[in-house]
Amino acid sequence: MTVDTDKTTGSADTPAAGPEAIKAIPVRHYGRYVSAVVAIALLGGVIYAFSQGRINWGAIPDYLFNDRVLGGVGNTLLLTVLSMLIGIVGGIVLAVMRLSRNPVTSSIAWFYIWFFRGTPVLVQLIVWFNLGLVFEYINLGPVYRDEWSDFMTPFLTALLGLGLNEAAYMAEICRAGLLAVDEGQTEAAHALGMSHAKTLRRIVIPQAMRVIVPPTGNEVINMLKTTSLVSVVQYSELLRVAQDIGQTSGAPAEMLFLAAAWYLLLTSVFSVGQYYLERYYARGSSRSLPPTPWQKIKANMVSFGRPKGGVA
């Protein structure tokens, strides 16, 4: 019996072939393509409809930085800041009262929150504006006395209507933040001899800010837009000024678009500030902070500059 030496020698010298490389074929998501085409078509239809409408687009840039419009923007920002200050301070006080073991203060806070959250803010503004039909004078004794119509100006009406209503919502936000802090923190502070007020100020509230800040930022943005309601009480904020200019200039729709553009600009700026404020208070709750928008842009630019399949 003979052995084929060529085959045995050849099989020993030839290296074994490796496994064939797998060619990955990405799954095609046809639904995404269809939905994108439909969305673009709808957007194009809306843009085309407005382009064919009887709109004087040139009037918008003409009045964009008008002195009256800028004054309305300033009044809107002033009212937003002051109303939120009243809301935040009042909300903290109401939240502490709501969590109090005193049944009287807890019940008063509950009734306040129930009443102001249960009635529309527009109704509250109109009621404040028309209280002159109920009270002829405001009499605070030797401190202040005047006719109600002179005392309750449009600005004060707007400030009280928005600020007191916001306090009810901020009370629930602050209460949720205070309850989110572990009770052991309070017990440890009391064990060290801290009073209840000092425990709240030094221990509880700083830790509760991580929970309170995000919804508070949303409330600020919502307050900025809610200020448009005070046009019904004759206060010269952005919407009221835009409506007045629209009536005198013959471009009412264009001035409403202008007001919408200003609201979009202001809310965008506030949203950026809210993002960085949330990021600041999230430092102790996560190991790595989320990237900022600028960091995301830099990361995308670096990734585009790298060649496929490895490091440059």
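The values are calculated or read from the model by the stated rules, or taken from the named source; none is laboratory data. All values derive from a computational prediction rather than experimental measurement. FYI the Cβ positions are ideal-geometry reconstructions off the backbone, even for glycines, and counts take in every protein chain you see. To get the accessible areas, we keep the full protein, side chains included, count just its heavy atoms, and leave off ligands, DNA and RNA. Shrake-Rupley method; radii C 1.70, N 1.55, O 1.52, S 1.80 Å.
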Send over the semi-axes of the stretch 128-180's equivalent ellipsoid, whole angstrom and largest first, taken as the square roots of 5 times the C-alpha gyration tensor eigenvalues.
-> 32, 13, 8
FRET efficiency, 1/(1 + (r/R0)^6) with R0 51 Å, evaluated for Q52 and L179 via beta carbons | 0.40
Determine the shape class of the stretch 44-86: with a ≥ b ≥ c the square roots of the Cα gyration tensor eigenvalues, call it rounded for a/c under 1.5, and otherwise prolate if a/b is greater than b/c, oblate otherwise.
-> oblate
Value of relative contact order over the stretch 81-284, rounded to a whole percent, pairs C-alpha under 8 Å and six or more apart = 23 percent
Hull shadow area, averaged, the stretch 81-284 [alpha-carbon convex hull, nm²] | 15.0 nm²
Stretched fully, the stretch from E136 through W148 gains (0.36 nm per residue minus C-alpha distance, one decimal, in nm) 3.8 nm
Taking a probe of 1.4 Å and leaving out DNA, RNA and ligands, the stretch 81-284 shows per residue an accessible area in Å² of 55 Å²
In terms of the alpha carbon gyration tensor, root eigenvalues a ≥ b ≥ c, rounded if a/c is under 1.5 and otherwise prolate when a/b exceeds b/c or oblate, the stretch 196-276 is prolate
Beta carbons within 10 angstrom, averaged per residue: use that to sort the peptides 173-186, 113-126, 237-250, highest first.
-> 237-250, 173-186, 113-126
How big is D for the stretch 169-213, in µm² s⁻¹ as a whole number, if Stokes-Einstein is applied with the Kirkwood radius of its Cα pairs at 20 °C and 1.002 mPa s?
-> 203 µm²/s
